[in-house]
Amino acid sequence: MTAKSADCRLYLITPPRLDDLAAFAHVLAGALDAGDVAALQIRLKDAPDDVIAAAVEVLGVIARSRDVAVILNDRPDLAARLDCDGVHVGQDDLSCAEARRIVGPGRMVGVTCHDSRHLAMEAAEAGADYVAFGAFFPTTTKEAPTTADPEILSIWQETMSLPCVAIGGITADNAAGLATAGADFIAVSAGVWEHPGGPAAAVKALNAAIAEGLAAR
């Protein structure tokens with residue numbers, strides 16, 4: 001999961017609950033086959049370890065067979081034990097440095113930085129592989145304490161080489177501007193799984209929006 005400034009790719013985040021893992025696995029496969037996806041973040045807040053492990057086992061096979069990186073939310077210990085490609089931590093989770101210590105040098109560490117370049121620079125100095133800014137739009141997937149302006153992506157792209165992820169309320173209708181502004185990755189959850197045309201249609205539409213946004217850079 002790498003990107004240069006001329007690129008922008010889709011980063012999928014699972015729904016917050018997977019009541020039927022087998023059914024979701026089928027949906028995920030169809031979504032990943034519909035267009036370019038760089039990474040899948042398995043985000044199951046407060047789920048028991050065995051539920052998370054089952055999700056990583058089932059979904060990881062689907063993702064990796066399509067060259068999609070598997071990122072686990074919040075839990076560097078499980079990310080290491082379950083052999084995920086990386087972990088994503090928030091400001092209220094373990095520090096970036098501690099996450100790095102746990103997962104080691106061979107796995108990715110991503111850090112939520114809200115609307116703060118200061119937090120992002122601290123994460124970069126602590127060894128993060130990417131930083132995530134947001135929320136850019138209203139979202140019902142999780143509580144968003146901050147609202148970010150797309151300008152933060154442009155400034156980051158101009159001054160830093162570390163990839164940045166745009167997150168929060170992103171859909172096919174609003175993704176293009178974030179790609180234009182400088183996002184290396186566009187992270188989407190509800191905008192895919194709750195798309196009226198289905199997740200596969202959402203992935204196609206989001207890739208088209210990203211291409212439109214890149215053309216306008």
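What follows draws every value from the coordinates through simple rules; no lab data is involved. Remember, predicted model here, so these are calculated numbers, not experimental data. Neighbour counts are summed over all protein chains in view; Cβ atoms, including those assigned to glycine, are modelled from backbone coordinates with ideal geometry.
Before moving on, here are some points about what is shown:
- The Cβ shell under 15 Å around V61 holds other residues with a net charge of -3, Lys and Arg each +1, Asp and Glu each -1.
- Result for the chain in a Gaussian network model with C-alpha springs under 10 Å: among P199, P145, P163, the largest mean-square fluctuation is at P145.
- Two-site label geometry, A54 and E143: point separation in nm, points 7 Å out along Cα→Cβ: 2.8 nm
- Ordering T140, T171 by the number of other Cβ atoms within 10 Å of each residue's own Cβ, fewest first, gives T140, T171.
- Stretching the chain fully between E194 and R101 yields a gain of 29.9 nm (0.36 nm per residue, less the alpha carbon separation).
- The label-point distance for V27 and D67, in a model that sets each label 7 Å from Cα toward Cβ, rounds to 2.7 nm.
- Region 13-45-region 188-206 distance, computed between alpha-carbon centres (Å): 11 Å
- Region 46-72 and region 155-182: distance between their alpha carbon centers, rounded to Å: 25 Å
- GNM flexibility winner over the chain from I167, I186, I155 (Cα, springs under 10 Å): I155
- Here the dipole of region 25-162 is about 240 debye; that uses its Cα centre as origin and unit charges on the Cβ of Lys and Arg (positive) and Asp and Glu (negative).
- Among A39, A175, A29: highest mean-square fluctuation, GNM of the chain, C-alpha pairs under 10 Å: A29
- Contact order, relative form, for the chain: 22 percent (alpha carbon pairs under 8 Å, 6 or more residues apart, mean separation divided by residue count).
- Listed candidates [x] 17.5; [y] 17.9; [z] 16.9 - label of the one calculated as Kirkwood radius over Cα pairs in Å: [z]
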